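Novice: Once you've had a glance at the structure underneath, I'll fire off some questions.
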Amino acid sequence: MLSKEFLSYIDKNSGYHLCFVNDGSKDNTLQVLKNLQKGREDFITVYDCEKNGGKAEAVRQGMLFMAQKDDLDYIGFLDADLSTDLLDFDDLVKTIETSKFKIVSGSRISRMGANITKESARKIISLTINYIIRKILKMDFKDTQCGAKIFSKDVIRIAFKDKFVTQWIFDVEIFKRMSQHFGLKKAKAMLCEQPLKRWIHADGSKLSMKDSIKIVMQLAQIAWVYRGKTSRNKRKEGHLSVA
């Protein structure tokens, strides 16, 4: 975890409150986080999960915990390795603050002037998986799995109240829950996919063929579990906004 970067950012941006989630780790992670929090308790929260539940459950519990704070209008998450730059995350916040979007999701779409690094083979696999995701969601998402998203507080329970079916691709479930709750057309109007200016592929997180098969299996699980669930609103086609 990049402690100096987080501390520097929170010291310069008093409007933010950081929450670090310890996923039931029994090593010294919790103590490291508490040391990071010391002296900045008004701006940094440490949430300790009772047991290890994986990333999806850690994110879910952290989001629901922060949603209980009355002074927060928007709540988001990003990876602790800062593969998404904090300044990019700030851009996501600015978009949701100045729009009617309920969720603004970072996207690792390659574009001129952006520092996006990803291996070619991994990119091909990712594109194939993304095609399947678009079919399941019926949304033209370029990148559902970017670990940087900001939510309006009033949709937190819709997105995170229930445990996720999958561990790796819970982001897909978030968008599926939105479309089932609000209807496809309305949900699309609430979502914004915003390209990042910088994203670095973290070492040690390469997508292997075995991982790809697991993801495809989890996508099949999502399609099965969420099958036939109808929204209270009539489902209609719409457009996913890209900022």
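Every residue, every condition in (1) out of contact with any helix residue (DSSP H, G or I) (no Cβ under 7 Å at 6 or more places or on another chain); (2) surrounded by 23 or more Cβ atoms within 10 Å (Cβ to Cβ); (3) basic (Lys, Arg); (4) at pLDDT 95 or above, yes or no:
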| site | (1), (2), (3), (4) |
| --- | --- |
| PHE141 | no, no, no, no |
| LYS161 | yes, no, yes, yes |
| GLY204 | yes, no, no, no |
| LYS214 | yes, no, yes, no |
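Novice: Right, something else. Collect the residues in region 40-57 that are farther than 14 Å from PHE77 by Cα and either in contact (Cβ under 8 Å) with a residue 60 or more places away in the chain or acidic (Asp, Glu) (or both), keeping them in residue-number order.
Specialist: Of everything in region 40-57, those that are farther than 14 Å from PHE77 by Cα and either in contact (Cβ under 8 Å) with a residue 60 or more places away in the chain or acidic (Asp, Glu) (or both) turn out to be GLU41, ASP42, ASP48, GLU50, GLY54.
Novice: Right, something else. Determine if region 76-86 includes at least one residue that is touching a residue at least 60 places away in the same chain (Cβ under 8 Å), over 13 Å from SER152 (Cα atoms) and part of a helix (DSSP H, G or I).
Specialist: The first filter runs over region 76-86 and keeps only residues touching a residue at least 60 places away in the same chain (Cβ under 8 Å), leaving 76-86.
So of that shortlist, the ones also over 13 Å from SER152 (Cα atoms) come out as 78-86.
Subset that is part of a helix (DSSP H, G or I): 86.
Yes, because at least one residue in region 76-86 is touching a residue at least 60 places away in the same chain (Cβ under 8 Å), over 13 Å from SER152 (Cα atoms) and part of a helix (DSSP H, G or I).
Novice: If SER25 passes every condition in (1) under 24 Å from ASP90 (Cα atoms); (2) modelled with pLDDT under 95; (3) polar (S, T, N, Q) but one, which one does it miss?
Specialist: (1)
Novice: Go through region 150-164 and report how many residues are in contact (Cβ under 8 Å) with a residue 24 or more places away in the chain and outside any helix (DSSP H, G or I).
Specialist: Of the residues in region 150-164, 6 are in contact (Cβ under 8 Å) with a residue 24 or more places away in the chain and outside any helix (DSSP H, G or I).
Novice: Moving on to the next point. So which residues in region 87-99 are over 14 Å from TYR16 (Cα atoms) and either in a loop (DSSP other than H, G, I, E, B) or aliphatic (A, V, I, L, M) (or both)?
Specialist: ILE96, THR98, SER99
The values are calculated or read from the model by the stated rules, or taken from the named source; none is laboratory data. None of these values were measured; they are calculated from a predicted model. Because the Cβ atoms are built from the backbone with ideal geometry, glycine has one as well, and the counts that use them run over all protein chains shown.
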